[in-house]
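Working notes, structure below.
The values are calculated or read from the model by the stated rules, or taken from the named source; none is laboratory data. The structure presented is a predicted model; accordingly, all values stated were derived computationally and were not measured. Every residue, glycine among them, receives a Cβ derived from its backbone with ideal geometry; neighbour counts consider all protein chains shown.
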């Protein structure tokens, strides 16, 4: 992580996830909500202590970032939390040569950063990544992300690639929603970065995984790659190949994410939020109460982000 000059960033008190939720995320979530027995799978994972096991593993084998440990990273993290107005989840750094980050947790969200990601990014870009992961938390994705994380691995371990149509269909629906949810989190990333260039650089580095390669890359040329990728759609066979390439990916392709980020950055919706006009958490319109704990939740939430229980009535 390289340091950059301090910047004054805008903060968004009481920001609601409705302000940055991607419409494709909502649509894909509706499909996931219709998956039979998903609430029972969730209950079983809770019963087996999946989150507890993960937390024990991280506390024993990773670095827990606090104000007294990895202070520079914690300072960046704290600012990202303040911008999005969110209580800080536990943050861990694991030793891993593949640059990546993830957010998991049924009851208490956990953000995990790979050490190689921190080495690859500047301080501004790291804050953008943390904003992305906090966006998952803010949007109530962590329950679904955790279910997908454990369920897909369980299906793969039991059935491998020879699973039934039903098992493949389940995995496809979860992967599809996972990709769409990343677009929502990318918008939170932009709200924290507050500079398009920071987000573009982040996706460029994630695509190449190397400082020496990144130094030879060009932002506009990278964006043109997205146009070239879309141009392949002139052929039905190409569309099939693209579908096969993407169907089991948890994240959208980097060039597509960069183009989507640019489009939202230039949108009226983004400028309205930066101007302080956005949906807030104390606006009860459209919200409903969790039948178990009474927490105000979005109508699209399958599980309550507060108590973790099924929000269906």
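Residue 270 satisfies every condition listed in (1) touching a residue at least 60 places away in the same chain (Cβ under 8 Å); (2) not in a helix (DSSP H, G or I) except (2).
Against the definition (under 30 Å from residue 169 (Cβ atoms) and either at pLDDT 95 or above or under 19 Å from the mean Cα position of the chain (by Cα) (or both)), how does residue 103 come out, yes or no? It is true that residue 103 is under 30 Å from residue 169 (Cβ atoms) and either at pLDDT 95 or above or under 19 Å from the mean Cα position of the chain (by Cα) (or both).
The lone criterion from (1) within 22 Å of the chain's Cα centre (by Cα); (2) modelled with pLDDT of 60 or more left unmet by residue 275 is number (1). Based on what the data block shows, is residue 94 within 14 Å of the chain's Cα centre (by Cα) and either surrounded by 21 or more Cβ atoms within 10 Å (Cβ to Cβ) or modelled with pLDDT of 95 or more (or both)? For residue 94, the condition - within 14 Å of the chain's Cα centre (by Cα) and either surrounded by 21 or more Cβ atoms within 10 Å (Cβ to Cβ) or modelled with pLDDT of 95 or more (or both) - is not met. Residue count for segment 191-213 under the criterion of being more than 19 Å from the chain's Cα centre (by Cα), outside any helix (DSSP H, G or I) and modelled with pLDDT of 95 or more: the result is 0.
Scanning segment 130-148 for residues being under 9 Å from the mean Cα position of the chain (by Cα) and within 19 Å of residue 94 (Cβ to Cβ) gives a total of 7.
You will find that of 226, 171, 263, 258, the residue that is closer than 20 Å to residue 24 by Cα and modelled with pLDDT under 90 is 171 and no other.
Only a single item in (1) exposed (fewer than 12 other Cβ atoms within 10 Å of the Cβ); (2) over 25 Å from residue 251 (Cβ atoms); (3) at pLDDT below 95; (4) over 19 Å from the mean Cα position of the chain (by Cα) is not met by residue 60, and it is number (3).
Considering the conditions (1) in a helix (DSSP H, G or I); (2) over 20 Å from residue 180 (Cα atoms), residue 277 is excluded by exactly one of them, (1).
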